[in-house]
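So the structure is just underneath, and the comments pick up after that.
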Amino acid sequence: MPSDDERLKLGYEMAKILLAAQDRTVANLRTRASGILATTALVVTFSTATGLLRFDVNKNLLFPHWGTLALLVIFVAQGVSVMVVLWPVSFSFGHSVRGVIDPPPELKAGAPLTYQLVSSMVDDIQANSVHIRRMARSLQVAIALLLVEVATILIALGTLER
């Protein structure tokens with residue numbers, strides 16, 4: 001059976017690994033959200049640049065009004081979803097160095113410092129998880145909205161009005 005000190009060291013190492021993984025996850029989610037935003041901008045730019053939103057070149061074909069409004073709503077909702085991922089959030093991926101080298105008096109008298117640090121890291125992992133889950137759900141919504149956006153364009157093109 002490992003001693004308390006060995007368990008604390010193992011807990012500390014595990015907490016460091018989990019916090020580093022969370023940091024990478026946040027960076028990954030934000031990179032993907034930026035990619036979704038760029039893709040959305042490309043789709044919208046392509047649609048407007050080629051005249052899909054109001055098309056009238058000797059054929060009198062007009063992009064449906066409902067399609068234009070739907071794309072606007074989808075674009076705004078997608079922008080909000082992406083901003084939830086990209087907006088700065090207060091994460092904690094480790095403890096204060098000052099707190100380690102000079103802990104407050106109430107911590108000096110209590111449990112061993114290593115236990116307090118590991119416990120604080122576990123609290124940070126749990127708090128970060130809430131934000132990360134919210135960011136991941138928002139990214140999923142943004143991805144789904146991108147698919148809806150493209151489908152809306154294709155359906156509207158299939159029903160061009162004269």
Grab the Cα-Cα distance for THR39 and SER92, subtract it from 0.36 nm times how many residues apart they are, and report the gain in nm with one decimal. 16.0 nm
How long is the gain from VAL122 to HIS65 if the chain were fully straight, where each residue apart is worth 0.36 nm and the alpha carbon distance is subtracted? 15.3 nm
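No lab work stands behind these numbers, since they all come straight from the coordinates. Every value quoted in this text rests on a predicted model; they were computed, and no experiment measured them.
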